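Before any comments, here is the structure.
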Amino acid sequence: MTSTAQRTLPVRRRLERGAAPWLLLAPALIVLGVLLLWPLARVVNLSFQDYRLRNLLRGDSNYIGLRNYTDILGDRFLWTTVMPNTVGFAVLCVVVTMVVGVAIAVFLERLSPLWRSVCTTAIMVAWAVPALTGTYVFVWLFDPRSGFVAEGLGMLGLFEPGSYNWFTNRWLFYLIALLNVVQHGFPFIAVTVLAGLLTVPRELYEAATMDGAGGWQQFTRITLPAIRPILAVCIILSTIWDMKLFAQIYLMPGGDGANRDVMNLGVWSYTESFGQGLYGRGSTIAVLLTVLLLIISAIYMRVLMKEEEL
């Protein structure tokens with residue numbers, strides 16, 4: 001009936017109906033194209049050039065094909081330092097953030113509505129703090145000479161302030177970065193998972209209790225299956241966010257490229273472009289990071305579509 005009515009509509013009327021959604025979307029698409037697609041196309045274009053400061057001043061191009069890509073992908077530094085610092089650190093951040101976030105969500109779900117609101121507001125403050133501010137707080141906390149941690153360990157006789165700079169150690173550097181990223185990221189996970197927990201029917205827990213199921217069994221057999229779609233989305237979003245970390249690494253002592261052992265893809269791209277003046281090589285690294293994020297985004301969209309089909 002509907003298809004018959006559509007066939008009887010005049011061509012002009014059907015064109016107007018078909019154009020209406022695109023007219024409504026046009027402003028957003030134009031803004032997206034100007035702010036995202038054009039810079040992205042420019043970066044891809046630069047990745048095929050040996051583009052330096054002199055090319056920028058002259059306004060000319062210097063295409064070299066895929067040489068930047070072969071150089072970057074054949075660089076041992078990429079596989080032994082940069083990729084482990086990027087991918088390995090992101091995986092660790094996601095695991096710890098999810099564990100802490102889910103634990104906090106379970107704790108909040110058991111509180112009264114009043115205390116739940118108070119605690120939720122309190123932890124959201126950590127999420128609202130800008131990454132720049134949070135990073136400087138952690139730099140102060142772990143200052144090896146006069147930071148809170150150094151002073152505390154010094155009072156306990158476990159560490160002499162100023163005797164060792166743990167920012168120069170790759171593992172300790174990323175341990176401090178991990179604490180910074182987790183404290184900034186777990187509130188979003190906790191609040192999101194809490195919203196899912198509040199939708200689980202209480203009758204399921206009451207029936208499980210009558211059947212003799214303990215707290216852990218109820219969590220693994222009722223809670224986790226019920227919030228599985230939310231967990232999947234949180235994991236993928238956290239992976240995307242943690243994979244492209246920049247400020248939390250760049251602002252820490254040595255993270256601006258002075259210590260090459262702690263470089264990740266974002267910082268490497270920035271230092272190659274604006275530190276060394278190798279804009280083509282830096283653009284190539286940025287393209288590789290973008291491709292990595294697009295793959296993860298494609299997985300994210302696939303998961304969302306599968307959840308909608310359920």
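The values are calculated or read from the model by the stated rules, or taken from the named source; none is laboratory data. Computed from a prediction, not measured in an experiment: that's the story for all the values here. In this analysis, Cβ positions are derived from the backbone assuming ideal geometry, glycine residues included, and neighbour counts consider all displayed protein chains. To get the accessible areas, we keep the full protein, side chains included, count just its heavy atoms, and leave off ligands, DNA and RNA. Shrake-Rupley method; radii C 1.70, N 1.55, O 1.52, S 1.80 Å.
Those residues that are of a type in the set (Val, Ile, Thr), open to solvent by less than 40 Å² (accessible area, probe 1.4 Å) and more than 13 Å from residue 181 (Cβ to Cβ), I need them from the range 111-144; list them, please.
Passing the criteria: 120, 123, 139.
Looking at the range 187-195, can you tell me whether even one residue there is under 21 Å from the mean Cα position of the chain (by Cα) and not in a helix (DSSP H, G or I)?
Within the range 187-195, not a single residue is under 21 Å from the mean Cα position of the chain (by Cα) and not in a helix (DSSP H, G or I).
What do you reckon, is residue 99 open to solvent by 80 Å² or more (accessible area, probe 1.4 Å), of a type in the set (Val, Ile, Thr), within 25 Å of the chain's Cα centre (by Cα) and within 30 Å of residue 201 (Cα to Cα)?
Yes.
Just the residues that are of a type outside the set (S, T, N, Q) and either in contact with a helix residue (DSSP H, G or I) (Cβ under 6 Å, 6 or more places away or on another chain) or open to solvent by less than 40 Å² (accessible area, probe 1.4 Å) (or both), please, taken from the range 49-63.
Answer for the range 49-63, where residues must be of a type outside the set (S, T, N, Q) and either in contact with a helix residue (DSSP H, G or I) (Cβ under 6 Å, 6 or more places away or on another chain) or open to solvent by less than 40 Å² (accessible area, probe 1.4 Å) (or both): 50, 51.
Taking residue 199 as the residue in question, decide whether it is assigned to a loop (DSSP other than H, G, I, E, B), touching a residue at least 12 places away in the same chain (Cβ under 8 Å) and not small (Gly, Ala, Ser).
In short, yes.
Which of the residues spanning the range 26-47 are under 16 Å from residue 288 (Cα atoms) and either small (Gly, Ala, Ser) or modelled with pLDDT of 95 or more (or both)?
Answer for the range 26-47, where residues must be under 16 Å from residue 288 (Cα atoms) and either small (Gly, Ala, Ser) or modelled with pLDDT of 95 or more (or both): 41, 47.
Could you say whether any residue in the range 55-73 is among the small types (Gly, Ala, Ser), part of a helix (DSSP H, G or I), under 24 Å from residue 271 (Cβ atoms) and out of contact with any Leu (no Cβ under 8 Å at 6 or more places or on another chain)?
For the range 55-73, residues among the small types (Gly, Ala, Ser), part of a helix (DSSP H, G or I), under 24 Å from residue 271 (Cβ atoms) and out of contact with any Leu (no Cβ under 8 Å at 6 or more places or on another chain): absent.
Taking helices (runs of 4 or more DSSP H) that do not extend beyond the range 208-268, which have at least 1 residues that are buried (at least 16 other Cβ atoms within 10 Å of the Cβ) and among the β-branched types (Val, Ile, Thr)?
228-243, 247-250
As an exercise: evaluate residue 250 against (1) at pLDDT 85 or above; (2) within 18 Å of residue 94 (Cα to Cα) and give the number of the one condition it does not meet.
Going through (1) at pLDDT 85 or above; (2) within 18 Å of residue 94 (Cα to Cα) one by one, residue 250 breaks only (2).
Do you know which residues across the range 251-265 are closer than 19 Å to residue 87 by Cα, small (Gly, Ala, Ser) and touching a residue at least 60 places away in the same chain (Cβ under 8 Å)?
Answer for the range 251-265, where residues must be closer than 19 Å to residue 87 by Cα, small (Gly, Ala, Ser) and touching a residue at least 60 places away in the same chain (Cβ under 8 Å): just 255.
Would you call residue 296 of a type in the set (A, V, I, L, M, F, W, C), outside any loop (DSSP other than H, G, I, E, B) and touching an Asp or Glu at 6+ places or on another chain (Cβ under 9 Å)?
No: the conditions fail for residue 296.
Looking only at the range 179-187, decide whether some residue is out of contact with any Asp or Glu (no Cβ under 7 Å at 6 or more places or on another chain), among the polar types (S, T, N, Q) and buried (at least 17 other Cβ atoms within 10 Å of the Cβ).
yes
Every residue in the range 13-31 that is under 30 Å from residue 61 (Cβ atoms) and open to solvent by 90 Å² or more (accessible area, probe 1.4 Å), please.
Passing the criteria: only 30.
Would you pick out the residues in the range 152-173 that are part of a helix (DSSP H, G or I) and either surrounded by 14 or more Cβ atoms within 10 Å (Cβ to Cβ) or aliphatic (A, V, I, L, M) (or both)?
Matches in the range 152-173: 153, 154, 155, 166, 167, 168, 170, 172, 173.
Tell me which of these residue 66 doesn't satisfy, since it passes every other one: (1) farther than 13 Å from residue 281 by Cα; (2) open to solvent by 60 Å² or more (accessible area, probe 1.4 Å); (3) not hydroxyl-bearing (Ser, Thr, Tyr).
Condition (1) is where residue 66 drops out.
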